[in-house]
Every structure is written in structure tokens, then in C-alpha cells.
Amino acid sequence: MEYLLIFITAIFVNNIVFSQFLGICPFLGVSKKISTATGMGLAVMFVLTLSTIVTYLIQIYVLNPCNLAYLQTLVFILVIAALVQMLEIILKKVSPALYQALGIFLPLITTNCAVLGVAILVIQKEFTLIQSIVYAFSTAVGFAVALIVFAGIREQLELVDVPKGMRGISIVLITAGLISLAFMGFSGVDGGLKMLFGLE
């Protein structure tokens, strides 16, 4: 039940985009079409989960025992960049079709602060490895949900006659703010679930 709580909370209550405001650049930049948003969401799901596992193991078995915890951010950035590069090379050799499908999304993930943010958050929350994996995957699902929902709304906005002064980024930011307010409606869900499952 604890893992279910982490899963639901990471997707809806503490959504990485709408509650923690991480990953805003790809959220605004890659959300013009549902197809590109879905591709980016899937790529983030894979990389975020993998990088969290690797950075967690490095933190617990290398940085902490060697008293090098102060190098966490630098090491994590290098590890994430290296992982994305390795993944790109492997996909190019093993599955050219998938590599073509992901296209520009893989390099974009290197600069996605949500990936680094989650890697640091699992250490700060003192999660176990399994909890970290569940949290990372759930957060990536939450990112994908946010991206796809927002892309769908932006596609609909193209068909609407928006007032001249509100066109472009203005209406996009207002829409993002309204969705963020909608996600705030989930804020009491985690407390209710804890009471329901007797985790408090």
C-alpha cells in the first residue's frame, strides 16, 4: 500500500510540473502536439527511472562512504549526461526505429531539470532503492500525463479564436496556470489515502 501511495501522490498530488515546477522548459517547448508530447513523455519515463537507480547507487555506495556527498549535484549531472549519451548510442545500434522515433527528445532529456530533481529528491526523502524506483517511475508518469494533457489543450487552442493580445505564449502560460490550479484539487488525497490504509 505504501508503494501505491507513493505512485498516486507522485502523479497527482505532487506532480513534478504543476506542484514542484520542475521540467517547465520541455513542458512548454514540446507540448504543441500530442505525438511529440507522448514521445517525450516515454523517453523521460525511461531515462528518469534508469538515472534515479544509477545515481541512488552511486550516492549510497560511493559518495556517502567516501564522505563526498558535497559533490552530489556535479556527479549526478555528469551521470545523467553520460547515461543519455550511452542510451543514444545503444539505441542507434540496437533499435534504429526507436532511436528515430525518439529523435531530438533524448538529447533534450539531458537538460531536463526534472531528471536531476528526482535524483536529488529520493536522497533527501531517504527512500530505499525500491521506493526510489517507484517514485521515479511515478514522477515520470506524472510528467507524461501533464505533457499530454497540456498538448491536447494546446491543439484545441489552435482552433479557437483567441483575442489578439492573448495569442502565443500568453494564453499558453494562463492555461498552464489553470491546469496547475486544477491539480491543486488533489492536495488532500494523500492524507485521505494514508488514513484509509492506516499508514499514519
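The values are calculated or read from the model by the stated rules, or taken from the named source; none is laboratory data. The structure presented is a predicted model; accordingly, all values stated were derived computationally and were not measured. Cβ sites come from the backbone with ideal geometry, for glycine too, and all protein chains shown count toward neighbours. All accessible areas refer to the heavy atoms of the entire protein, side chains included, with ligands and DNA or RNA removed. Shrake-Rupley method; radii C 1.70, N 1.55, O 1.52, S 1.80 Å.
For the peptides 104-116, 76-88, residues were scored by their other Cβ atoms within 10 Å and the scores averaged per peptide; the highest-first order is 104-116, 76-88.
Across the chain, the relative contact order, built from alpha-carbon pairs under 8 Å that are at least six residues apart, equals 44 percent.
Using the 1.4 Å probe convention, the accessible area of the chain works out to 53 Å² per residue with neighbouring protein chains retained. Here the accessible area of the chain is 71 percent carbon and sulfur, with a 1.4 angstrom probe and all protein chains present.
Oblate is the label for the stretch 1-104, because the ratio a/c of its alpha-carbon gyration tensor axes (a ≥ b ≥ c) is 1.5 or higher and a/b is not greater than b/c. The residues Ile60, Ile179, sorted by heavy-atom accessible surface at 1.4 Å with ligands and nucleic acids left out, run Ile60, Ile179 from largest to smallest.
Taking a ≥ b ≥ c as the square roots of the Cα gyration tensor eigenvalues, the chain comes out oblate, since a/c reaches at least 1.5 and a/b does not exceed b/c. Placing +1 on each Lys and Arg Cβ and -1 on each Asp and Glu Cβ, with no other charges, gives the stretch 100-167 a dipole about its Cα centre of roughly 120 debye. Taking a virtual spin label 7 Å from the Cα of Thr111 along the C-beta vector, which residues in the stretch 69-105 bring their backbone nitrogen under 15 Å of it? Residues passing the 15 Å test: 81, 104-105. The dipole here belongs to the chain: it is taken about the Cα centre, uses +1 on the Cβ of Lys and Arg and -1 on the Cβ of Asp and Glu, and is about 460 debye. Peptides 33-41, 51-59, 169-177 ordered by packing proxy, namely the average of other Cβ atoms within 10 Å per residue, highest first: 51-59, 33-41, 169-177.
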